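First the structure, in the form of structure tokens, and then the observations on it.
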Amino acid sequence: MSSLLNQLHSLRAQAQQDIAQADSLEGLETLRVRYLGRKDGQLTKILQALPSLSPEEKKVLGREANEAKISLETALNEKKGAIEEKTLNAVLSAAAGQDLTLPESPLSVGRRHPLAQVMDDIVGCFLRLGFNLAEGPEVETDFNNFTALNHPPDHPARDSHDTFYVKNFRDGEGLPLLLRTHTSPVQIRHMQTHKPPLSIVAPGRVFRHEAVDATHSFVFHQVEGLAVDVDISVADLKGVLGLFARHVFGSNVEIRFRPAYFPFVEPGIEVDISCTLCEGKGCRVCKQTGWVEMLGAGMVNPNVFRAVGYDPDKVTGYAFGIGVERVAMFKYGVDDMRLFFENDVRFLRQVSR
């Protein structure tokens, strides 16, 4: 018993000395674990002898151990406070001559990328018109990207000069998978799993094998729209696109519709808006015409309906595809698409809101 008490008194004295000499919070924590740690602390090891003692000896050793623990915890806390105060005084001394009551330097607040803002604006417009959001994979099958959208086998878009094919991966028909060239495959996937009536808007990245210049890129963004129901007409399409154009470009924008050809719609329509850079007066960007092409659209081709199991004699529909970069260029008055991808913070700050 006397040996255990001697060990306890010796431990207490040594710990007090080590705590007094500690000069950092890390060193203080090391001492706490060494002497008071629950698992391997030196005080814990002494107390492991309690089961072999008599009741009276247990009482004496327990009391002495408890006093030692309280004494060491008090010493640790006092030393911790002293170290923290010393550290604070050092910081204050280093800041001598500075007005610490001044407000801190303002932080630079980040913003969403302008393309993300424009895409959100476009999608939000159609969601408020009752469309539902739909998404699909960027790696697609030949059927969804071309065949179901009425592209003939010899269509130029299927050529590797226009489309990125995924090496060594093929679909169930043995045809190579590809990076989608438009978001129209989302329409096919949605119609395959949903019955009309339906109206969806599908935003996302698309890929085409094109040289990068001021108006082209091998990766860009589209927002595709589709509505299918009984007796949908071109008038419905024109009304929706008119609302979209005025929402994005303002109530003063003028709109015109021109006939065009796209394999997946019949009739096809190209939508122009009055040039936002010159307000329709004529400039270099609009080639002095006062008009710029904004998007393609049209009534869904019956062959597309047949490919997804719809009866073209019972339903009609319209579809449209909007290039996000093109909208952003005219919305912000930018004449080079590459600026959106170069991540020049000065440019992004100018066009972000």
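Read-outs throughout are calculated quantities, based only on the coordinates presented, and are distinct from any laboratory measurement. Only a predicted model underlies this, so the values are computations on that prediction, with no experimental measurement involved. FYI the Cβ positions are ideal-geometry reconstructions off the backbone, even for glycines, and counts take in every protein chain you see.
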#### Entry: Fraction in percent of alpha-carbon pairs per bin - 20 Å, the chain
22, 32, 11, 22, 12, 0
### Task
Note down the Stokes-Einstein diffusion coefficient of the range 1-146 in µm²/s, whole number, using a Kirkwood radius over alpha carbon pairs, 25 °C, and 0.890 mPa s.
110
### Query
Over the range 114-351, what is the relative contact order in whole percent, taking alpha-carbon pairs under 8 Å and six or more residues apart?
21
### Message
I'd like to know which of Cys125, Asn144, His155 lies farthest towards the positive end of the charge dipole of the range 94-190, counting +1 on Cβ of Lys and Arg and -1 on Cβ of Asp and Glu.
### Response
Cys125
#### Entry: For the chain, size of Cβ-based charge dipole, Lys and Arg +1, Asp and Glu -1, in debye
680
### the range 180-242 - charge dipole about Cα centre, Lys and Arg +1 at Cβ, Asp and Glu -1, debye rounded to 20
220
### Estimated vicinal HN-Hα couplings, Hz - the range 240-250 in sequence order (Karplus 6.51, -1.76, 1.60; Gly, Pro = x)
5, 5, x, 4, 4, 4, 6, 5, 7, 10, x
### Query
What residues of the range 1-15 lie in the reach of a label at Leu50, counting those whose backbone N is under 19 Å from a point 7 Å from the Cα along Cα→Cβ?
1-12
## Note on the structure
Per the C-alpha gyration tensor (a ≥ b ≥ c, the square roots of its eigenvalues), the range 135-185 is rounded if a/c is under 1.5, else prolate if a/b beats b/c, else oblate; here it's rounded
#### Entry: Net dipole in debye of the range 2-94 [+1 Lys, Arg Cβ; -1 Asp, Glu Cβ; about Cα centre; nearest 20]
300
### Task
Identify all lysines with a Cα-Cα distance to Lys59 below 16 Å; exclude those on the same chain that are fewer than 8 residues away in sequence.
Lys69
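Distance cut-off 29 Å, Cα to Cα: go down the list Lys238/Lys314; Lys167/Lys331; Lys45/Lys79 and report the pairs above it. Intermediate values should be presented prior to the final figure.
Details: Lys238/Lys314 22 Å; Lys167/Lys331 38 Å; Lys45/Lys79 25 Å.
Going by Cα-Cα distance, Lys167/Lys331 fall outside the 29 Å limit.
Per the helix-only calculation at 222 nm, which mean residue ellipticity applies to the chain, given -39500 (n - 2.57) for every DSSP H run of n ≥ 4 and division by its residues, nearest 500 deg cm²/dmol? Please list the in-between numbers first.
Details: 11 runs with 145 residues, N = 353.
When only DSSP H runs of four or more count, the value is -13000 deg cm²/dmol.
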### Task
Identify, among Ala202, Gly321, Leu175, the residue whose Cα sits farthest towards the positive end of the charge dipole of the chain, taking +1 on the Cβ of Lys and Arg and -1 on the Cβ of Asp and Glu, with the dipole about the Cα centre.
Ala202
### Message
Checking the a/c ratio against 1.5 first, then a/b against b/c, what shape does the Cα gyration tensor give for the range 39-124?
### Response
oblate
### Query
How much net charge surrounds Asp336 when only other residues with a Cβ under 12 Å from its Cβ are counted (Lys, Arg +1; Asp, Glu -1)?
-4
### Query
Which one of Gln16, Val60, Thr30 has its Cα pushed farthest toward the positive end of the charge dipole of the range 9-72, where Lys and Arg give +1 and Asp and Glu give -1 at the Cβ?
Val60
### Task
Measure nothing but the geometry: give the 0 to 90° angle between the long axis through the Cα atoms of 2-21 and the longest principal axis through the Cα atoms of the chain, rounded to 10°.
60
### Message
Show log10 I(q)/I(0) for the range 168-233 at q = 0.14, 0.19, 0.21 Å⁻¹, two decimals, from a solvent-free Debye sum over equal Cα scatterers.
### Response
-0.59, -0.87, -0.94
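For the ranges 128-136, 163-171, what's the packing order if you count other beta-carbon atoms within 10 Å of each residue, average per peptide, and put the highest first? Don't skip to the end; give the middle numbers.
On the way: 128-136: 14.6, 163-171: 12.6.
Listed from highest to lowest mean packing, they are 128-136, 163-171.
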### Query
What is the antiparallel percent of DSSP beta bridges lying wholly in the chain, to the nearest 5?
95
### Query
Counting Lys +1, Arg +1, Asp -1, Glu -1, what net charge surrounds Lys69 among other residues with beta carbon under 14 Å of its beta carbon?
+3
### Query
Cα to Cα, under 12 Å, and not fewer than 8 places away if on the same chain: which aspartates and glutamates meet these conditions relative to Lys195?
Asp229, Asp311
### Task
Just grab the label-to-label distance for Glu293 and Asp311, each label 7 Å out from Cα along the Cβ direction, in nm (one decimal).
3.8
### Task
Excluding residues on the same chain fewer than 8 positions from Lys281, give the aspartates and glutamates whose Cα lies under 19 Å from its Cα.
Glu254, Asp272, Glu293, Asp335
